[in-house]
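Chemist: Quick one: the structure is below, questions incoming.
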Amino acid sequence: MAFADYRNALVTGASGGMGRAIAERLCAKGLTVHALARNASKLAELQAACGAVPHAIDVTDTGAVTALLADLEIDVLVNNAGVSRPGSLLTSDAFDIDEQIDVNLRAALHLSRLVLPGMMQRDRGHIVNITSMAGHYEFGGHIAYHATKAAMHTVSRQLRVDAFGRRVRVTEISPGRVETDIFAHVEKIDPAEAKRKYFDGFEMPQTSDIADAVEYAIGAPQYVNIGLIELLPTLQVPGGLRTAKRVGDDVILTGNK
Ligand SMILES: NC(=O)c1ccc[n+]([C@@H]2O[C@H](COP(=O)([O-])OP(=O)(O)OC[C@H]3O[C@@H](n4cnc5c(N)ncnc54)[C@H](OP(=O)(O)O)[C@@H]3O)[C@@H](O)[C@H]2O)c1
C-alpha cells in the first residue's frame, strides 16, 4: 500500500547505474520521479524511457538543490549519487577526499535536511540511502570512501531517531559489487575495459536487483520499516585476517587475503 501513499520521489545519481534503475522502477510504480545528476543527455534518455523529470544539477551545489526543493513535496528521497577513488590515502590528492565527502556525505545530509521537515509535517515519507559494504567492512578501498559510507550508515540510523513518532521510514541499502559503470568512473577507463576487468565471468548482482530491494522496502506496509538490506554477490565474502612478518625490509604476509 505504501506506493499508493506516495506521490513524488527524488533520486540522485539517476543518469546511470543503480540510480537509473531505481528511477525507472519508481516511475513504473506510479510515482512522479525527479531525477538528479549532472549529465543532461543521459537524464533526457531517462525521461524518454520512463517520464522522469530531469534536473541537471551537481548534487554538491547546495544552493541549486535548495532552489529545486523549494516548490517540491518529496515523499521518497533516494540518496544514491556516489563517487569513489582508487588507491589509498598514500596516493590521494586533496580533491579525492573532498569530492567523496561532498557527494557521498555532505550532499545527502543537506538533501535529508531539506526534505525531512515536510515529511514530518505530512506524516509520510521514506528516505533510502544507498551506502556500500565499504561502510561495514574494511577491505582496503579508499579510506574516504569507507569513511563516507560508514557515516551514511550512522546517518541512516540517526534519521530514524530524528523522525521518531512520525510515519517517516528510513532504509539503508548496502551493496557489494553490482554491475554498473562505477569502476570505469573510478579508474577513468573505458566501460568495456572495466566490464572485462570486474564483471565478465563473475556472477554479479544487476541494477534491477537493487531496484527490487528499493521496491521491497518502499512497498512494505507503512507500519514496517526495513532498516538495512545488505546485498552482496553470493560469491563475494568480506573478511579474512592477514598477519605480516617482518624479516629485515621484507614483508611476509600470512593468512587469508
Ligand atoms: N556498483 C557497485 O559495485 C557499488 C557497490 C557498493 C555501493 N555502490 C554505491 O551505489 C551508488 C550508485 O553507484 P553506481 O554503481 O550506480 O555508480 P555509477 O554508475 O558510477 O553512477 C554514479 C551516479 O552518481 C552521479 N553523480 C556522481 N557525482 C555527482 C554529482 N556531483 N552530482 C550529481 N550526481 C552525481 C552520476 O551522475 P553524473 O555523472 O551524471 O553526475 C551517476 O548517475 C553509489 O553511491 C555507490 O557508491 C556501488
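The values are calculated or read from the model by the stated rules, or taken from the named source; none is laboratory data. Everything numeric here is computed off the predicted structure, so don't read it as measured data. Cβ coordinates were reconstructed from backbone atoms using ideal geometry, including for glycine residues, and neighbour counts include every protein chain displayed. What goes into the accessible areas is simple: the full protein's heavy atoms, side chains included, and nothing from ligands, DNA or RNA. Shrake-Rupley method; radii C 1.70, N 1.55, O 1.52, S 1.80 Å.
Chemist: Given 0.36 nm per residue, what is the gain on full extension from Ala220 to Glu73 after removing their alpha carbon distance, in nm?
Modeler: 50.8 nm
Chemist: Here's something else I'd like to know. Can you flag which of Lys149/Lys188; Lys149/Lys245; Lys42/Lys195 are past 24 Å Cα-Cα?
Modeler: Over 24 Å Cα-Cα: Lys149/Lys245.
Chemist: Can you give the convex hull volume of the alpha carbon atoms of the stretch 17-129 per residue, in Å³?
Modeler: Each residue corresponds to 109 Å³ of Cα convex hull volume.
Chemist: Taking square-rooted eigenvalues a ≥ b ≥ c of the alpha carbon gyration tensor, is the stretch 12-68 rounded, prolate or oblate, where a/c under 1.5 means rounded and, failing that, a/b exceeding b/c means prolate?
Modeler: Since a/c reaches 1.5 and a/b is larger than b/c, the shape of the stretch 12-68 is classed as prolate.
Chemist: Quick one, can you get me the convex hull of the C-alpha atoms of the stretch 99-202 expressed as volume per residue in Å³?
Modeler: About 111 Å³ per residue, rounded to a whole number.
Chemist: Quickly estimate the mean residue ellipticity at 222 nm for the chain, helices only: each DSSP H run with n ≥ 4 gives -39500 (n - 2.57), and the total goes over all residues, rounded to 500.
Modeler: Per the formula, -12000 deg cm²/dmol.
Chemist: Follow-up question, since we're still on this one. May I ask you to derive the FRET efficiency for Ile252 and Leu90 from their Cβ-Cβ distance with R0 = 30 Å, giving the value to the nearest 0.05?
Modeler: 0.90
Chemist: For the stretch 1-96, which whole-number percentage of the solvent-accessible area (1.4 Å probe, protein heavy atoms only) is attributable to carbon and sulfur atoms?
Modeler: 53
Chemist: Using 10 Å bins from zero, what percent of all Cα-Cα pairs in the stretch 135-257 falls into each bin?
Modeler: With a bin width of 10 Å, the distribution comes to 11, 29, 33, 19, 7, 2, 0.
Chemist: A further question follows. Keeping all protein chains in place, calculate the accessible area per residue for the stretch 101-257 (probe 1.4 angstrom), answer in Å².
Modeler: For the stretch 101-257, the per-residue accessible area is 54 Å².
Chemist: While we're on this one: Fully extended, how many nm does the chain gain between Leu235 and Arg113 (0.36 nm per residue separation, minus their Cα-Cα distance)?
Modeler: 40.2 nm
Chemist: Residue separation times 0.36 nm, minus the C-alpha to C-alpha distance between Asp190 and Arg242: what's the value?
Modeler: Value of the extension gain: 15.4 nm.
Chemist: Could you check the simple spin-label distance between Cys50 and Glu203, using points 7 Å along Cα→Cβ, in nm with one decimal?
Modeler: 2.7
Chemist: Something else about it: Roughly speaking, what is the centre-to-centre gap between the stretch 1-50 and the stretch 110-148 when only Cα atoms are used, to the nearest Å?
Modeler: Here the two parts' Cα centres lie 18 Å apart.
Chemist: Modelled label-to-label distance, Asp123 and Glu138, 7 Å Cα→beta-carbon offset: nm?
Modeler: 4.6
Chemist: For Lys29, which aspartates and glutamates qualify as cross-link partners when the Cα separation must be under 18 Å and same-chain residues fewer than eight apart are set aside?
Modeler: Filter leaves Asp5, Glu73, Asp75, Asp209, Asp212, Glu215.
Chemist: Note down the net charge around Ala108, summing +1 for each Lys or Arg and -1 for each Asp or Glu among other residues with Cβ under 13 Å from its Cβ.
Modeler: Here the count lands on +1.
Chemist: Sorted by accessible area (1.4 Å probe), largest first, how do Asp98, Asp249 line up?
Modeler: Ranking Asp98, Asp249 by accessible area, largest first, yields Asp249, Asp98.
Chemist: Oh, and also: What are the extents of the Cα atoms of the chain along their three principal axes, in Å, largest first?
Modeler: The Cα atoms of the chain stretch 66, 40, 35 Å along their principal axes.
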